[in-house]
1. Does the stretch 313-342 hold any residues that are within 16 Å of K374 (Cβ to Cβ) and either part of a helix (DSSP H, G or I) or of a type in the set (D, E) (or both), and which are they?
2. Among the numbered criteria (1) of a type in the set (S, T, N, Q); (2) crowded, with 20+ Cβ neighbours inside 10 Å; (3) part of a helix (DSSP H, G or I), which single criterion is violated by S95?
3. Taking S164, is it over 20 Å from A107 (Cα atoms), of a type in the set (S, T, N, Q) and either within 30 Å of the chain's Cα centre (by Cα) or in the same structural domain as I430 (by TED's automatic domain parsing) (or both)?
4. Name, by its number, the condition in (1) without any contact (Cβ under 8 Å) to a residue 24 or more places away in the chain; (2) under 17 Å from H363 (Cα atoms); (3) of a type in the set (S, T, N, Q) that does not hold for Q406.
5. Report, ordered by the first and then the second residue, all pairs with beta carbons closer than 6 Å, sequence separation of six or more or different chains, a first member in the stretch 203-219 that is more than 25 Å from V469 (Cβ to Cβ) and not assigned by TED's automatic domain parsing to the domain that holds K273, and a second member that is modelled with pLDDT of 95 or more and crowded, with 19+ Cβ neighbours inside 10 Å.
6. Could you check how many residues of the stretch 226-251 are among the β-branched types (V, I, T), touching a strand residue (DSSP E or B) at 6+ places or on another chain (Cβ under 7 Å) and surrounded by fewer than 18 Cβ atoms within 10 Å (Cβ to Cβ)?
7. Does E436 satisfy being more than 26 Å from K31 (Cβ to Cβ), surrounded by fewer than 19 Cβ atoms within 10 Å (Cβ to Cβ) and at pLDDT 95 or above?
Amino acid sequence: MKTLFFGGKILTMDMPLYTEAVLIKDGEIIKTGKKEQLLAENPDKLIDLMGATMMPAFIDSHSHFFQVANSFLQVSLDNAASFQEILERFQSYISKNKIKPGEWIIARDYDNNLMPDSKNLTLNELDRLALENPIVINHKSGHMGLFNSAALKRLGVSTDTEWSGEGKIEKDSNGLTGYMEEDAFFFYLKKLPLPDDSTMLNAFAMAEKKYASYGITSVQEGMFVDQMIPVYKKLLHSNILNIDITAYCQPSSLPQIKDAFSEHIKQFKDHFKIGGLKIFLDGSPQGRTAWMRLPYKDSGDYCGYGTMTDSLVMSAFELAAKENMQILAHCNGDAAAEQFLRCLEKQQGVYPNLMQLRPVIIHGQLIGIDQLPKVKQLNVMISFFVGHVYHWGDVHIKNFSKERAQNISPAASALKLGIPFTFHQDSPVIEPDMLETVWCATNRLTKSAEVLGRQQQISVYNALKAVTVNAAYQYGELEKKGTISVGKAADFTVLSENPLQTPKERIRNIKVLQTYKNGKCIYNCLSN
């Protein structure tokens, strides 16, 4: 069946930049051009955009689909700024969801930076939140969290527990505090029981709807671990997916994942593929665990810390080269970026194909301007978490000084050097709101309305490229996604206003009206 889209602004993100109408068939764009010319093709269905703007669907270049689904099953602590407020949210959640004694309770979006003196909850306060339930509270950064006494006991963590890896299980003179960070936190987080199948599938459906409501049709599973294998098997068997999901796994999990998803290796089947490998080289700047070349402000000689040795990083690059797979590396601090570039350069000398595999620095918050020429030389992409400017810009000024913080997510500097970059939200860290991200990149305002790094502001057009054209390139899917062009998938988002004709201060006020995946409407604001 042929469908014709017309009647509004159609922004192709290609040349020419606009077209009057788009004809699709079997989920693919077959012609663009004048409405009258395309009507002569006898389309079976006409869709009048009624003056709205249609453009290529947004592409998420880094997030965690599984965790976004899980977030629907958790207590939201977003913007909670006191123990009392957190207590009230727990009490409301327990009552509303009829939580029984002994059941796990997981919370999300906690941010100690909003609490009095930026201090974490004490173990005593954690225990008071729910007297008969084990509790885990995920920090909004995704790199640390809090456990109450019942959770620590259930997980077998005691004052005698020693952690030899990177990260921390915090103790004081009274024993455990309930706080953990980085690898220690992730280790125990994986031990939590998963929800039952029907609950999890319903959460996945809600997660997909959330992404679609922001105009996104391609999503990332940014850290695919062994525990997700049976869950994803059931998800794919359920046949409920409409959007594309590309998963990246830790190197140690690759054999099991290749065995479980042999038909999905670097190719879509049932809207799912294994895209490559993912490694973590440091932590979070707002959590003061990002690995820096210079110390944090007012912290003596503390620079955060790395999470992998050079030998392990080199081994990951070797595996990527031998498997001919893309590799993504979480690097927030400039010391982490330095390690990534140092190890990659050595391995490119041994495995030249790494140059063509589009290795990606994820986040690149505090990558140095002086490091960008090496990024260019090694053919590395950067996916900037530019939303940090608004959501934690004021915190970064406190942690690093304004002089250092003003160049977080240096998109303009990357653009000047011709380095391809994308933007992401690391959801569920923040909402997968692409238009807010475009607003952040073009205005660079903090929550206190301070312009942070005016010299790093970029145009709306280049910001839109980062979440369409460049994102398609990052995935190696530019032949099928990223622009409204003949031969590409009919993946569209319909917006209330044309972002190229809207004052940049108002970009984040634009509404997503509809989202189409392969020509099928998967989100309509009028019916959702």
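1. Result: V313, F317, D334, A335, A336, A337, E338, Q339, F340, L341, R342.
2. Only one criterion is unmet by S95, namely (2).
3. Working: over 20 Å from A107 (Cα atoms): yes; of a type in the set (S, T, N, Q): yes; either within 30 Å of the chain's Cα centre (by Cα) or in the same structural domain as I430 (by TED's automatic domain parsing) (or both): yes.
Yes.
4. (1)
5. none
6. Taking the stretch 226-251 first, the residues among the β-branched types (V, I, T) are 229, 231, 240, 243, 245-246.
After this cut, where a residue has to be touching a strand residue (DSSP E or B) at 6+ places or on another chain (Cβ under 7 Å) as well, the list is 243, 245-246.
Within this subset, residues satisfying the condition of being surrounded by fewer than 18 Cβ atoms within 10 Å (Cβ to Cβ) are none.
Qualifying residue count for the region: 0.
7. no
Condition check ((1) within 24 Å of K140 (Cα to Cα); (2) at pLDDT below 95; (3) under 20 Å from the mean Cα position of the chain (by Cα); (4) not assigned by TED's automatic domain parsing to the domain that holds N138) across all residues:
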{"site": "Y390", "(1), (2), (3), (4)": "yes, no, yes, yes"}
{"site": "P432", "(1), (2), (3), (4)": "yes, no, yes, yes"}
{"site": "L445", "(1), (2), (3), (4)": "yes, no, no, yes"}
{"site": "V451", "(1), (2), (3), (4)": "yes, no, no, yes"}
{"site": "Q456", "(1), (2), (3), (4)": "no, no, no, yes"}
{"site": "S459", "(1), (2), (3), (4)": "no, no, no, yes"}
{"site": "Q474", "(1), (2), (3), (4)": "no, no, yes, yes"}
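The values are calculated or read from the model by the stated rules, or taken from the named source; none is laboratory data. Only a predicted model underlies this, so the values are computations on that prediction, with no experimental measurement involved. Don't worry about glycine lacking a Cβ; one is built from the backbone with ideal geometry, like all the others, and counts go over all protein chains shown.
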